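The values are calculated or read from the model by the stated rules, or taken from the named source; none is laboratory data. Here the structure is a predicted model, which means the values were calculated and not measured. Note that each Cβ is placed from the backbone with ideal geometry, even for glycine, and that neighbours are counted across all protein chains shown. All accessible areas refer to the heavy atoms of the entire protein, side chains included, with ligands and DNA or RNA removed. Shrake-Rupley method; radii C 1.70, N 1.55, O 1.52, S 1.80 Å.
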Amino acid sequence: MSGRVLVGVKRVIDYAVKIRVKPDHSGVVTDGVKHSMNPFCEIAVEEAVKLKEKKLIKEVVAVSCGPQQVQETIRTALAMGADRGIHVEVSGKDYDNMGPLQVSKIMAALAKKEEAQLVILGKQAIDDDCNQTGQMTAALLDWPQGTFASEVTLEGDKVKVVREIDGGLETIKINTPAVVTADLRLNTPRYATLPNIMKAKKKKIANVKPADLGVDMASRVEVLRVDEPPQRQAGMKVETVEDLVGKLKEAGRI
Amino acid sequence: MAAIFKARKALGLCLSGCRSLTQLAELPEMHQMLRQTCRDYADRELTPIAAKLDKEHSFPAKQIQELGAMGVLAMEVPDGLGGAGMDYLAYSLAVEEISRGCASTGVVVSVNNSLYIGPILKFGTEEQKKQWITPFTTGEKVGCFALSEPGNGSDAGAASTIARQEGDEWVLNGTKAWITNSWDASATVVFATTDKSLKHKGISAFLIPMPYPGLSLGKKEDKLGIRASSTANIILEDCRIPLGNMLGPRGAGFKIAMQTLDSGRIGIAAQALGIAQAALDCAADYAHKRTAFGAPIGKMQAIQFKLADMALAIESARLLTWKAAILRDAKKPFTKEAAMAKLAASEAATYCSHQSIQILGGMGYVTDMPAERHYRDARITEIYEGTSEIQRLVIANQILKEYQP
């Protein structure tokens, strides 16, 4: 086995920022807004680095798709312990329309090129909440997938994944190479140490274009409009249960 | 003519030291990453517990260990000795972000870096560095700096703690006062008179482990602010240490202390900036949310002027702090700038925390909001590591030198 793990990291608007919709309703305001690594991607990086520290894998490669700014996100992954980075250059309209389909094609192409043993991704991004990239990547590669992982154990040429599902926890064993997506309780990401932040400067980030990987970035989805959630309406107090039932019937709720 | 050349030379000295003027406009990527990492740590691990640490006067041992693991407790120390090998600009960014979360944790970090490790790194032998620095880089142990005495603070040259040589030992007697970290420290740098006739040129520096026979601690002071950091007297009674525990040459103690404090001032300036910023954050957030007379109070000019003045004070002091750090990193003279930074930042901290309470009104006076803690924490920054009055004297001294006819 190559001992190489590919980790996808996405640059998203920071979770603490208050999101504002653009006046033309074409999207959300991103200019001048604080961005950081998607929290689930942080968990994915942490898991990969832990596997390397346990000497179960040899190399962690951090991948991000987007314009120049995503290099900051890759550097954060390097500071956490990834060995090298790949920046897939996507900008302009292609970046605006980029979604799980395009990213999964890119990840699949890179996974083949890098002969990855494992691809670890966050279960979803906090901006679009798609929860599709991991699953699509596995399908494109025809690899097994262990999604919503709360525990990952490498056992020879197989991976045991404990998955968080609605009913509780499901444990599966899949062959490698495989795709795993990280859920919240998989681990607690480390703070980068200052020496690692300095070392990150020296680690390599390769630049690649989607065309080099034979990936067509055309989107099959068109965003028609983005709106804020409706303002919460004031509630109403009623005196009796009969009043409550009456009001609910009026509102067509029952 | 000569005066014009002298003045121009003085100006040139300032500008050439600032060859990385761009760093004042935008920090290099590594510094930005470091700042963000420290800010994330402070937001997640310090801000939520700062009020409790303050109320219970409890030392943040766990957080200090975590910060040690990150490299924050020995930022300037080279990699080979167990440190992070970073520059002073990085250090001032780290202390500001940490202090923004918890001012007490900030001062523990600052004292360990600047006042304890600082002089050993600069004046210690290789053996001393290994013995007294390396164990203090991980967060497991912190150090302290004992200069002030009950009889002299600003008047450092009048040290009445005595060190006399007896065979192959130094025997120290005296009392040191106001020592930050004392109750939590595993070692101290102590200043004592070895030759009384030489006045301030007769003071030497020593290294003493803690606990140690002949060294005892006074009661923990019950302070107005920075309550999670311990402050107490250190009492030396026939404290016997090996001759090898002298730091630097005999009689160099005063010089070591003054040079150490020059750098320490950048650390305290950074701590004051963190407190001031936290006060501004609190006030600005409140100004958006609190309504009065039918609108958020942030719409009122009186509040707007306060916020503007607060932000101005912080930004000015921050740039002075960065400049002092950049000059120090470039190995240029930085005494004047460091004093200016500490003075500006500490006055900004007291000003901002005062105005922050004012903006919060009654809410600023109660412990439900952090404003009152910022007010209490800020006050000491104008006093320790050189009072505001001393800073003014230091600056004036430098100015007069520059204009020497």
(request) Please compute the net charge surrounding B:GLN271, taking Lys and Arg as +1 and Asp and Glu as -1 over other residues with Cβ under 11 Å from its Cβ. (result) -1
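Report, to the nearest whole %, how much of the accessible area of the protein assembly as shown belongs to carbon and sulfur atoms, 1.4 Å probe, protein only.
On the way: 17180 of 31530 Å².
About 54 percent, which is the carbon plus sulfur part of the accessible surface.
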(request) Pop a pseudo-label 7 angstrom from the Cα along the beta-carbon direction at both A:ALA139 and A:VAL241 and give the gap in nm to one decimal. (result) 4.8 nm
(request) Could you work out how far the C-alpha centroid of the range B:271-337 sits from that of the range B:88-126, in angstrom? (result) 22 Å
(request) Multiply the residue separation of A:VAL21 and A:ASP128 by 0.36 nm, subtract the distance between their alpha-carbon atoms, and state the gained length in nm to one decimal. (result) 37.1 nm
(message) If I build a Gaussian network model for chain B, linking alpha-carbon pairs within less than 10 angstrom, which residue out of B:MET75, B:MET363, B:MET310 has the largest mean-square fluctuation?
(response) B:MET363
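What number, in nm² with one decimal, is the all-direction average of the projected area of the convex hull of the alpha-carbon atoms of the range B:254-403?
Details: hull surface 39.4 nm².
Averaged projected hull area, Cα only: 9.8 nm².
Give the relative contact order (percent, whole number) for chain A; include only Cα pairs under 8 Å separated by 6+ residues. Show your work: numbers first, answer last.
Details: 495 pairs, mean separation 60.7, N = 254.
Reported relative contact order: 24 percent.
Apply the a/c threshold of 1.5 to the C-alpha gyration tensor of the range B:271-352 and tell me whether it is rounded, prolate or oblate.
Details: a/c = 3.76, a/b = 3.48, b/c = 1.08.
It comes out prolate by the Cα gyration axes.
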(request) Please identify, among A:THR193, A:THR176, A:THR133, the residue showing maximal mean-square fluctuation in a Gaussian network model of chain A using a 10 angstrom Cα cutoff. (result) A:THR193
(message) Compute the orientation-averaged projected area for chain B from the convex hull of its Cα atoms and round it to one decimal in nm².
(response) 21.2 nm²
(message) Please report Rg (one decimal) and Dmax (integer) in Å for the Cα set of the protein assembly as shown.
(response) 29.1, 99
(request) Work out from phi, with θ = phi - 60° and the Karplus expression 6.51 cos²θ - 1.76 cosθ + 1.60, the ³J(HN,Hα) of each residue of the range A:176-189, listed in order in whole Hz, and give x for Gly and Pro. (result) 9, x, 8, 10, 10, 10, 8, 9, 4, 8, 4, 6, 10, x
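How much length, in nm to one decimal, is gained on full extension between A:VAL223 and A:ILE254, taken as 0.36 nm per residue of separation minus their Cα-Cα distance?
That pair, A:VAL223 and A:ILE254, stretches by 7.8 nm at full extension.
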(request) Pull up all non-local amide H partners of B:PHE145: gap of 5 or more, or a different chain, and H-to-H distance under 5 Å with H placed in the peptide plane. (result) B:THR180, B:VAL189
(request) Starting from the amide H of B:ALA177, placed 1.01 Å from N in the peptide plane, find each other amide H under 5 Å away whose residue is 5 or more places distant or on another chain. (result) B:SER148, B:GLU149, B:ILE234
(request) With springs connecting C-alpha atoms under 10 Å apart, model chain A as a Gaussian network and identify which of A:LYS203, A:LYS173, A:LYS55 has the largest mean-square fluctuation. (result) A:LYS55
(request) Enumerate the calculated ³J(HN,Hα) couplings along the range B:55-63 in order (Karplus 6.51 cos²θ - 1.76 cosθ + 1.60, θ = phi - 60°), each rounded to whole Hz, writing x wherever the residue is Gly or Pro. (result) 5, 8, 6, 9, 5, x, 4, 5, 5
(message) Taking the alpha-carbon distance from A:LYS22 and a cut-off under 24 Å, which lysines remain once sequence neighbours fewer than 8 residues away in the same chain are dropped?
(response) A:LYS10, A:LYS34, A:LYS93, B:LYS289, B:LYS299
(request) Can you find, among B:GLY248, B:GLY267, B:THR175, the residue farthest towards the positive end of the dipole of the range B:170-316? Put +1 on the C-beta of Lys and Arg, -1 on that of Asp and Glu. (result) B:THR175
(message) Suppose a student asked you for the relative contact order of chain B, using Cα pairs under 8 Å spaced at least 6 residues apart; what percent would you report?
(response) 17 percent
(request) Please compute the net charge surrounding A:PRO210, taking Lys and Arg as +1 and Asp and Glu as -1 over other residues with Cβ under 10 Å from its Cβ. (result) -2
(message) At 1.4 Å probe size, what's the solvent-accessible area of B:ILE203? Round to the nearest 10 Å².
(response) 0 Å²
(request) Kindly tabulate the residues in the range A:178-208 with an accessible-area decrease of at least 20 Å² between the chain alone and the assembly of all protein chains, using a probe of 1.4 Å. (result) A:TYR191, A:ALA192, A:THR193, A:LEU194, A:PRO195, A:ILE197, A:MET198, A:LYS201
(request) Using the Karplus curve 6.51 cos²θ - 1.76 cosθ + 1.60 with θ = phi - 60°, work out ³J(HN,Hα) for each residue of the range B:324-337 in order, rounded to whole Hz, and write x for Gly and Pro. (result) 4, 5, 5, 4, 4, 5, 8, 6, 9, x, 9, 4, 5, 5
(request) Please list the non-local residues whose amide H lies under 5 Å from the amide H of A:ILE57, H modeled 1.01 Å from N, same-chain partners needing a gap of 5 or more. (result) A:LYS52
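Rolling a 1.4 Å sphere over the protein heavy atoms, what is the accessible area per residue of the protein assembly as shown, to the nearest Å²?
On the way: 31530 Å² over 659 residues.
Ligands and nucleic acids excluded, the result is 48 Å² per residue.
Mind checking how much accessible area B and A bury in total, 1.4 Å probe, in Å² rounded to 100?
Values: alone 18140 and 14820 Å², together 31530 Å².
Chains B and A together bury approximately 1400 Å².
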(request) For the range A:4-27 and the range A:58-111, write down the distance between their C-alpha centroids in whole Å. (result) 14 Å
(request) First check a/c for the range B:97-195, with a ≥ b ≥ c the square roots of the eigenvalues of its C-alpha gyration tensor; if it is under 1.5, answer rounded, and if not, answer prolate when a/b is larger than b/c or oblate otherwise. (result) oblate
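Apply the a/c threshold of 1.5 to the C-alpha gyration tensor of chain A and tell me whether it is rounded, prolate or oblate. Kindly include the intermediate steps, with their values, before the conclusion.
On the way: a/c = 1.97, a/b = 1.54, b/c = 1.28.
Prolate shape, in that a/c is at least 1.5 and a/b is the bigger ratio.
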(message) Please check the range B:74-92 for residues whose accessible area, probe 1.4 Å, is lower by 30 Å² or more when all protein chains are in place than in their chain alone.
(response) B:ALA84, B:MET86
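How big is the antiparallel share of DSSP beta bridges in the protein assembly as shown, given as a percent to the nearest 5? Please list the in-between numbers first.
Working: 48 of 80 bridges.
Looking only at bridges with both residues in the protein assembly as shown, the antiparallel portion is about 60 percent.
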(request) Measure out, as a whole number of angstrom, how far apart the alpha-carbon centroids of the range A:134-189 and the range B:22-48 sit. (result) 33 Å
(request) Starting from the residue with the highest accessible area, list B:GLU45, A:GLU151 in decreasing order, probe 1.4 Å. (result) A:GLU151, B:GLU45
(message) Tell me the accessible surface of A:ARG20 in square angstrom (1.4 angstrom probe, heavy atoms of protein chains only), to the nearest ten.
(response) 130 Å²
